[in-house]
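The values are calculated or read from the model by the stated rules, or taken from the named source; none is laboratory data. Predicted, not measured: the structure shown is a model, and the values here were computed from it. Every residue, glycine as well, gets a Cβ built from its backbone with ideal geometry; the counts of neighbours run over all protein chains shown. The protein model used for the area step is the full one, side chains on, heavy atoms only, and it has no ligands, DNA or RNA in it. Shrake-Rupley method; radii C 1.70, N 1.55, O 1.52, S 1.80 Å.
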Amino acid sequence: MPAEAREFVAEGASPATEGPPGVAVSIRGLGHSYGELRTIERLDLEAPAHGVVGLVGPSGCGKSTLLELISGLQEPVAGEVEVGGAGDPRGRLTRCAYMPQRDLLLPWLSAIDNAALALRNRGARRRAARREAGRLFERFGLAGFEGAAPAELSGGMRQRVAFLRTLVAGKPVLALDEPFASLDAITRAEMQEWLAAALRADPRTVVLVTHDVEEALYLSDRVAVLSARPARVVEELQAPSPRAPDRDAAVTDPGFVAVRERAMLALRGGAG
Amino acid sequence: MSRRWLLPALVLATMVGAWQVAASSGAIAATLRLEDFLVPAPSEIAASLWENRSLLADNAWVTLQEVLLGFGFALVVGLGAAVVLHLSETLRRATYPLIVASQTVPIIVIAPILVVWFGYGIGPKLAIVALICFFPIVVNTLDGLRSVDPDATKMMRTLDASRWQTFRRVEAPTALPYAFSGAKIAVAVAVIGAVFGEWAGSDSGLGHLMLLDNAQLETARLFASVVVLSAIAIALFGLLALAERRIVTWR
Ligand SMILES: Nc1ncnc2c1ncn2[C@@H]1O[C@H](COP(=O)(O)OP(=O)(O)OP(=O)(O)O)[C@@H](O)[C@H]1O
Ligand SMILES: [Mg+2]
């Protein structure tokens, strides 16, 4: 049993959805391009089952493209991407839920109906879908906002709903694209703690793209620093205290700060 | 009545008032060197509206039917065509430029041909109305469907949506306000189409009545027909705007 799973049993929480089995992501020699534009070259990356891998890299280097490749929304031109052993796009799609860079909540649906989209797509009746998504609303601090229109929600709330929508899909792998980029520093720190708690309670394999090195190191088990386009992994760093309950203590710890400095250095080197 | 209507209402009242004064004093007729009876004042038009109310109503009903049926037909076919063109890239490439180019054909002037083909009945009018309504509906709806954020489509795919579910839950709602814009433009031109259709050959309808009035120099009643036609167009436009506000609540 993976570490996080043991932890949530110890905390006595019940899994949110009927906890999908742990699934690993494995990328070997990956290459991708948009026509002439080479986005990714000879990229290797492993995310073990229920592990969180952070990706940081200069803007425009191909991070979103990489998440789309993992999720089965794009096809590589070289190398392979496997999710739970499946290399075909169909197989990857069924195993991955992709949270796009912008929240993309549908303005014509209430918060709960947005969160329940995957259930509805799988044929659940509206009442049943709302009931199931509603359980997550209560667990993740959104109780009372079920009927709210997306426009009525604050930035942090919108990101929570968007994340729940991804979680509700019940996929073993989450591809999260800069989930908190649009938030102010304080809300963002809150949301990181929130996501850390969510992943302790309901562990998934996560590939997390962010441009915030501290966020990557706090939320991930391991952080891969990408080069400028075409993206390769220039350095991989082990996070000192992944998803520690006390975030402030964790990120100010000297060990954490040292790793963060190394990551920054690698990022500048890769970008230069 | 809300404040935002106050100013336009004042402007309209002022214009009608000015017309009343200019027409009843004979100033317009004198300037244009016309007989007085050719320049009816608003009060005379109002009187004519009242005196000819059943005649106007009968003919308005004919024109309204042409407008509604023609518009309804264009709406159904136009929305359907927009969806098909959205789904099939090949069809869109093949036909969209032709649809746009077809707008340079002055559809209204083919009305006489249609009358020759289909006679004096309602057929040619429906065809004209439907033809001129079709374009704004197709083009606007297709624009709306194509304005969908590609990331939203990708998100739906990873949330296990079928093609149909993505259409129903994302694409159709996105396109809805665009479709309403198209329909509002269409309903305004529909009235014009119906009148031209009647001018090309008919034995009833407000357009037909206007031709008679013109021949008999019944200018007040001619203007009364114009008033009724405008009222029909405004009412239909208003109904669509109302429906839009009811349905597109998220804007
Ligand atoms: N559909 C596309 N067609 C062509 N080029 C694209 C497409 N999507 C992205 N690109 C280009 O590919 C490169 C990588 O894009 P991508 O969005 O993956 O980068 P990113 O690292 O996520 O950037 P950001 O930090 O801005 O989010 C960029 O130069 C982008 O302009
Ligand atoms: Mg990106």
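Report ³J(HN,Hα) in whole Hz for each residue of the stretch A:230-236, in order, from the Karplus equation J = 6.51 cos²θ - 1.76 cosθ + 1.60 where θ = phi - 60°; Gly and Pro get x.
Computed from phi, the couplings for the stretch A:230-236 are x, 6, 9, 7, 8, 7, 10 Hz.
So what's the convex hull volume per residue for the Cα atoms of the stretch A:86-221, in Å³?
With only Cα atoms used, the stretch A:86-221 gives 112 Å³ per residue.
Counting each DSSP H run of 4 or more residues in chain A as -39500 (n - 2.57), what helix-only mean residue ellipticity at 222 nm follows after dividing by all residues, to the nearest 500 deg cm²/dmol?
It comes out at -12000 deg cm²/dmol, rounded to the nearest 500.
If one computes the Cα centroid of the stretch A:59-136 and of the stretch B:201-251, what distance in Å separates the two points?
Rounded to whole Å, the Cα centres lie 51 Å apart.
Can you give the extra length, in nm with one decimal, that the chain gains between B:LEU91 and B:TRP50 once fully stretched, where that is 0.36 nm per residue apart less the Cα-Cα distance?
Between B:LEU91 and B:TRP50, full extension yields an extra 9.5 nm.
Round to a whole angstrom and tell me the spacing of the C-alpha centers of the stretch B:34-101 and the stretch A:241-262.
Taking the Cα centre of the stretch A:241-262 as reference, the centre of the stretch B:34-101 is 69 Å away.
Over all directions, average the projected area of the Cα convex hull of the stretch B:29-107 and note it in nm².
9.2 nm²
Choose one answer from A:GLU132, A:GLU36, A:GLU178: the residue with the largest mean-square fluctuation in a GNM of chain A with alpha-carbon springs under 10 Å.
Among A:GLU132, A:GLU36, A:GLU178, the largest GNM mean-square fluctuation belongs to A:GLU36.
Among B:GLY207, B:TYR120, B:ALA82, pick out the residue whose Cα is farthest towards the positive end of the charge dipole of the stretch B:40-247, where Lys and Arg carry +1 and Asp and Glu carry -1 on C-beta, about the Cα centre.
Farthest along the dipole direction, towards plus: B:ALA82.
Let me confirm one metric for peptide B:149-157, namely the mean number of other chain beta-carbon atoms within 10 Å of its residues' beta-carbons.
The mean count of partner-chain Cβ atoms within 10 Å per residue comes to 6.
As I understand it, the value is the acute angle between the Cα axis of helix B:123-146 and the longest principal axis of the Cα atoms of chain B; what does it come to in degrees, rounded to 10?
Helix B:123-146 sits roughly 40 degrees off the main axis of chain B.
Hey, which lysines would be in cross-link range of A:LYS63, C-alpha to C-alpha under 20 Å, not counting anything within fewer than 8 residues on its own chain?
Cα-Cα hits under 20 Å: B:LYS154.
For the interface of B with A, what's the total buried accessible surface in square angstrom, probe 1.4 angstrom, rounded to the nearest hundred?
It comes to approximately 1900 Å² buried between B and A.
For the pair B:SER102 and B:LEU32, how long in nm is the line joining their label points, each one 7 Å along Cα→Cβ?
Calculated label separation equals 3.8 nm.
Where the convex hull is taken over the Cα atoms of chain B, what is its projected area averaged over directions, in nm²?
17.4 nm²
Under a 5 Å amide H to amide H cut-off, with H placed in plane at 1.01 Å, what residues pair with A:ARG222 once short-range neighbours are removed?
Residues meeting the criterion, in which the H sits 1.01 Å from N, are A:VAL52, A:GLY54, A:ALA239.
Please turn the phi angles of the stretch A:215-227 into ³J(HN,Hα) values with the Karplus equation 6.51 cos²θ - 1.76 cosθ + 1.60 (θ = phi - 60°), one per residue in order, whole Hz, x for glycine and proline.
Running phi through 6.51 cos²θ - 1.76 cosθ + 1.60 with θ = phi - 60° gives 4, 4, 6, 6, 8, 9, 7, 9, 10, 9, 9, 9, 7 Hz.
Under a Cβ-only charge scheme (Lys and Arg +1, Asp and Glu -1), can you give me the dipole magnitude of the protein assembly as shown about the Cα centre, in debye to the nearest 20?
The dipole of the protein assembly as shown has a size of about 680 debye.
With a 1.4 Å probe and all protein chains left in place, how much accessible area per residue does the protein assembly as shown have, in Å²?
Computed with neighbouring chains in place, this is 47 Å² per residue.
Can you pull the Rg over Rh of chain A, Cα-only, Kirkwood?
0.95
Counting only helical runs of four or more DSSP H residues, what would the 222 nm mean residue ellipticity of chain B come to if each run contributes -39,500 (n - 2.57) and the total is spread over all its residues?
Rounded to the nearest 500, the figure is -26000 deg cm²/dmol.
Work out the mean other chain Cβ neighbour count within 10 Å for the residues of A:99-108 and drop it here as an integer.
That average works out to 5.
Rounded to the nearest 20 Debye, what is the dipole magnitude of the stretch B:40-247 about its Cα centre when Lys and Arg each give +1 and Asp and Glu each give -1 at the C-beta?
It comes to approximately 860 debye.
Taking Cα atoms, how many degrees apart are the long axis of helix B:172-200 and the longest axis of chain B, rounded to 10 and kept between 0 and 90?
It works out to around 30 degrees.
In whole Hz and in residue order, list the ³J(HN,Hα) couplings for the stretch B:93-98 that follow from phi through the Karplus curve 6.51 cos²θ - 1.76 cosθ + 1.60, θ = phi - 60°; x for Gly and Pro.
4, 6, 10, 4, x, 5
Can you tell me the 0 to 90 degree angle between the C-alpha axis of helix B:219-247 and the longest principal axis of chain B, rounded to 10?
Approximately 20 degrees, to the nearest 10.
Can you tell me which of A:242-248, B:207-213 comes out highest on packing, and rank the rest after it, using the mean Cβ neighbours within 10 Å?
With the highest mean Cβ count within 10 Å placed first, the list reads B:207-213, A:242-248.
Give the peptides A:125-131, B:130-136 in descending order of average Cβ contacts within 10 Å, highest first.
The most tightly packed comes first, giving B:130-136, A:125-131.
Take peptides A:28-34, B:90-96 and line them up by average Cβ neighbours within 10 Å, highest first, as a rough protection proxy.
Top to bottom by mean Cβ count within 10 Å: A:28-34, B:90-96.
For chain A, with only Lys/Arg (+1) and Asp/Glu (-1) charged at the beta-carbon, what is the dipole magnitude about the Cα centre, in debye rounded to 20?
880 debye
What nm value, rounded to one decimal, do you get for the distance between A:TYR34 and B:ALA188 when each label is placed 7 Å out toward the C-beta?
3.8 nm
Of B:TRP61, B:TRP199, B:TRP117, which is the most mobile in a GNM of chain B whose springs link Cα atoms less than 10 angstrom apart?
Checking each option, the largest mean-square fluctuation is seen for B:TRP117.
Roughly how far apart, in whole Å, are the Cα centres of the stretch A:160-185 and the stretch B:153-177?
Here the answer is 19 Å between Cα centres.
Give me a single rounded figure for B:159-172: the average over its residues of other chain Cβ atoms within 10 Å of their Cβ.
4
For the protein assembly as shown, rounded, prolate or oblate, judged on the Cα gyration tensor with a ≥ b ≥ c (square roots of eigenvalues), a/c < 1.5 rounded, else prolate if a/b > b/c?
It is prolate, given that a/c is not under 1.5 and a/b is the larger ratio.
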